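First up is the structure itself, then whatever we jot down about it.
The values are calculated or read from the model by the stated rules, or taken from the named source; none is laboratory data. Here the structure is a predicted model, which is why all the values come from computation and not from measurement. Methodologically, a virtual Cβ is constructed for each residue, glycine included, from the backbone with ideal geometry; neighbour enumeration extends over all protein chains shown. These accessible areas exclude ligands, DNA and RNA; they are computed on the full protein's heavy atoms, side chains included. Shrake-Rupley method; radii C 1.70, N 1.55, O 1.52, S 1.80 Å.
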Amino acid sequence: MSYNKDSKGIFNDFACRLSKAEDSKPLILLLDAADRLSDEHEGRKLLWLPAELPPNVHIVVSTVSDEKMDCLPCAQKLLQGHDRSFLEVPRLQEDCAMKMVARWLSKAQRKLTEDQTKLLVKAFSKCPYPLFLKIVVNDALSWTSHTYPETIKLGESVKQVSTLRFGRLERDHGEALVRRALGYITASRNGVSVNELEDLLSLDDAVMDEVVATHKPPRRRLPGLLWTRLKMDLEGLITEVRADGTRTLTWAHQQIRDAADDRYLQQRDKAPSYHKALAEYFLGKWAGKPKPYTGSERGTDRLVAPQDLYYDPPPLQTASKPAQGQSVSNQSSLQNQKQSTRHITSEHQDSSRTQSNSKFKQNGAATSRGSHATNNVSTDETPERMYNLRRVNELPFHLTRSQQTSLLKQNCLCNYEWMLAKLCGTSLRSLLEEYSAILTAEPHEPELRLISDVLHLSGPALRKEPRQLASQLVGRLHRVVTSDVPRSKGDPQKYPNLHPLLAAAKQSSLPALIPSIECLTEPGGILFDLLSGHSAPITAVGLTTDGQRALTTSCDGTLKLWDVRSGKVVKSIDGVGMDVSVVRAAKLNTVAVTVEMSRIRLWHLKTGVCVHTVDQYPDPASICVAGEGQLLTAVFDGSNMLRTWSLDNFQIICEAQIPNNSAHKEASLLIADSSFGDLVLHAFKNGNCASVQNAKSGKILKTLTCHDPSSSVMALAISREYFVVCVRQQYMSLHELTSLELFDGKKGTYVRTVRGSVHCRVIPQTFTTNLIGTHAVAVSANPRNNTSDVALWNLETEDYKHLAQHPSYSTMGACLDFRYCLTGSQTENSLRVWDISGKVNQPGMKLKKQLGVAEIWPMVDNPRYVVAKSVNNGPISVWNVAKGKCLQSAVRIERGLTEGSDAIVMRNTTLVILTDRGFSSVSDDSRPVFQTVLVYDLRLKKYVRRLPGCYIVPAPSHEYVLLDNDR
């Protein structure tokens, strides 16, 4: 079962999966103690909880009534007007409480005197809750028959009774030991293990001064028996939990944690002192080093465990040989100190990692190949890397809380090896959350913002293979770093921490393919958010008329209504079809229209019911909403019919023939997504004209003939002033140019042409204009590099620019009045949301000339050699890759073999060049073709064959294949 891995996707998917409940199998969820959720993703604000539940689903959530926990106020706001949904749990009755006390005492084989029992009942009457009763009974187990009631002090709340217990522990075990031990437990992120706590207390001079004065241990390290005794007396207050692959100690309840926080992190010592000590420990500052103390500047070794980020086990056949990249001293420490590798496995890894991790789980290891199923390849010769998840997860938390921002960047957020360990040991989502937490508090932190954007852009690649991190960082940040040069000698660098980050990425501890130039989309763009919640690829997208909500359909058979700003699913409808190609909002955004081949269906967005179906016509349909959202107009391929329905009664009001005077090879009809009143604009794809037709009467009012004879229609749009026809035009005899031809909205006469770019294909469903008709926007796909751009035309100034780049071949998109633009691919489960409002009137970027290698071909018969083609069809070079080192010069370089429009196919020493690109005269659509094939022998350094008069349709080079015998 597939699922989303980012928090918003999980929340949306949770709401969707609830709808799977049936009458025969109702679903009841009991969620206890919601107040114990963490603050990450605002868990206690219950934003993940659906306001409306589907049929057959019931959810019971319990929480404390303390408003500081946020749960109850947020639940009341979420369910405003549903007061009957809230039920206050009554206080525990005294007779039930006494039965519980008798059972606990019997289990402990203890009894209370009559006076002691009365005292306990009196205290319980002031705080009649089970948690309070449990803590008081645990205290009572230490009473003797001679413990008189007047000597016993019990609090009136959980917090008070916990504080009193802390005071008794300090009296019995030593103030410094208890204070610092409980402070470390309170300050920790996921608790602390027993070994870690012994190390921390051994490094704490306040504790050791007290221990040395009282117990005089032989070395300056905490005797383990002291903590064991304290732990036994903490029973009922602390509990063991599973975290980062090991057992850690944490508080048993939030109210006990609050009491410890007030006593130790607020009143006695300040919280930063604990976080600083924990940060030093997880940095390994004193591992293997003597720490000074009062009376000894040289100090002494406290024998604490090292905190390496990872451990590479040596190959099994050479187990005594040190692993590469790991010092001998560190390896021996890891073997002798049992604490280090027991801290390491993540329990909340994907189920796909279970088999991969089972081999090392006994040692607490998160493996470098354990993040994804594609990495579960393991052999005896190459044992898997193990990551120290305790350091990975705890260190950034404590550096942040101790306000050590510089160390946080150097050792975590801008440290390549830490990023790699976090990514391989946990998940991309966990890594992104570290940056999100900092950027929420410091939104204008430029370096962290850039790295966060890189990780978002690289998400699909890193989820499949985390070890691509180095390639993604260098490929996206290369230009940013190389251009970060101070203007004068004394000026600081703008991104000082990115330089060592990329330098470390190029020397990655794991094998990586490092690009020599910037070859991927650069961060820092206008990406606003991701809409994730579908469990299968998205097939269609649309926007409501206010531009604030989006409609999507997916191969999972659902239609979802999204709040674009929050990224939350507002409504999910099942059973809409797995192959929907178009979805549009109509009738004041109360109805959604879907098209699946020849079937048109209308869905009521509030009830989720299909209110009407049109399936009596066999031809595929393209639709638009006209008449201010009250009319549905469709054009049908094949029969060339236009039909219009009223959305009030779903009756057909118009049926008219669309004249087709020429035979089109791709005789598919296009229709403008928008309309002006009752007017709709349609055309035949690759035709040379478009028609304006009245949706009610069916009368053709205007015929718009393209101004340029070489124009072929790609997409259509209507604004208040213009009919806009997006066309492809012949450009410089060998290329095609995407342009917009504008026609007067009243007269239908040609006005002017606004030119676009070469080598791009406008996706028809994404082409639209803003409401006032000054700009046009579309998703422009580039098959040459498998990317797509959000392209913008200024219809007044005739400027053209790209606002953003979708990192794959986008087949869908939506934009309304330039607030948000949505793009998606049919291979992705999520949509990218671009905030283009601030970029529309900014000047476009000037593209710099790129250098580097575009393609590499290995020689089949000579595997030690590879042939490389430079970008922009530059020189062809031959390289010897068997030397084991990077060479600065190629074996051979051939210049001037290709032109900008040529395609190249390679096998061994034979180079096949497809050249002489022109337009075919034997087809109706005058498509471009390669007319000549040249064969060049790299060994002979000359052309050996020339084939003129060819008819080869242009395609990316990797799609051409040489058959046997080099044919």
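Legend: calculated FRET efficiency, Asp233 to Thr300, from the Cβ-Cβ distance at R0 = 25 Å, rounded to 0.05, equals 0.30.
Figure note: Glu114, Glu465 ranked by solvent-accessible area, largest first, 1.4 Å probe, ligands and nucleic acids not counted: Glu114, Glu465. Once neighbouring chains are kept in place and the probe is 1.4 Å, which whole percent of the accessible area of region 614-712 is contributed by carbon and sulfur? Reported share for carbon and sulfur atoms: 48 percent. Within the accessible area of region 475-548, the carbon and sulfur atoms contribute 56%, probe 1.4 Å, all protein chains present. Oblate is the label for region 438-480. Its Cα gyration tensor axes, ordered a ≥ b ≥ c, give a/c of at least 1.5 and b/c at or above a/b. For region 457-528, the per residue solvent-accessible surface stands at 51 Å², with DNA, RNA and ligands left out and a 1.4 Å probe.
The Tyr731 and Phe14 beta-carbon pair, evaluated with R₀ = 60 Å, returns a calculated FRET efficiency of approximately 0.75. Going by a ≥ b ≥ c, the root eigenvalues of the Cα gyration tensor, does region 373-488 fall in the rounded group (a/c under 1.5), the prolate group (a/b larger than b/c) or the oblate group? Because a/c hits 1.5 or more and a/b fails to exceed b/c, region 373-488 counts as oblate.
Across region 520-642, the relative contact order, built from alpha-carbon pairs under 8 Å that are at least six residues apart, equals 15 percent. Dipole of region 721-804 computed with +1 at Lys/Arg Cβ and -1 at Asp/Glu Cβ about the Cα centre; of Gln730, Phe767, Ala791, farthest Cα towards the positive end is Gln730.
Which order do Leu559, Leu303, Leu670 take when ranked by solvent-accessible area (1.4 Å probe, heavy atoms of all protein chains), largest first?
Details: Leu559 0, Leu303 60, Leu670 20 Å².
The ordering from most to least exposed comes out as Leu303, Leu670, Leu559.
Which one, Ser125, Tyr148, Ser202, projects farthest toward the positive side of the charge dipole computed for region 117-217 from Cβ point charges (K/R +1, D/E -1)? Value: Ser125. Using a probe of 1.4 angstrom and keeping all protein chains present, the accessible surface of region 8-158 works out to 68 square angstrom per residue.
Take peptides 531-537, 480-486, 930-936 and line them up by average Cβ neighbours within 10 Å, highest first, as a rough protection proxy.
Highest-to-lowest ranking by the protection proxy: 531-537, 930-936, 480-486.
Taking the Cα centre of region 420-553 as reference, the dipole from Cβ charges on Lys and Arg (+1) and Asp and Glu (-1) amounts to some 360 debye. Where a ≥ b ≥ c are the square roots of the eigenvalues of the C-alpha gyration tensor, would you call region 206-318 rounded, which needs a/c under 1.5, or, failing that, prolate if a/b is larger than b/c, or oblate? Judged from the Cα gyration tensor, region 206-318 comes out oblate (a/c at least 1.5, b/c at or above a/b). Surface composition of region 117-237: carbon plus sulfur atoms contribute 55% of the solvent-accessible area (1.4 Å probe, protein chains only, all chains present). Highest mean first, the peptides 815-824, 793-802 sorted by other C-beta atoms within 10 Å per residue fall in the order 815-824, 793-802.
Cross-linked pairs Lys702/Lys746; Lys134/Lys231; Lys25/Lys571; Lys111/Lys134; Lys422/Lys494: Cα-Cα separations exceed 19 Å for Lys25/Lys571; Lys422/Lys494.
What's the local net charge at Phe743, with K and R +1, D and E -1, over the other residues with C-beta under 15 Å away? Once all neighbours under 15 Å are counted, the net charge is +1. Ordering 505-512, 88-95, 54-61, 716-723 by mean Cβ neighbour count within 10 Å, with the highest value first, yields 716-723, 505-512, 54-61, 88-95.
Reported to the nearest whole Å, the Cα centre-to-centre distance from region 493-515 to region 197-229 is 42.
In the assembled protein chains, Glu959 presents an accessible area of approximately 110 Å² (probe radius 1.4 Å).
With R₀ fixed at 22 Å, the C-beta to C-beta distance from Gln80 to Leu31 puts the FRET efficiency at about 0.65.
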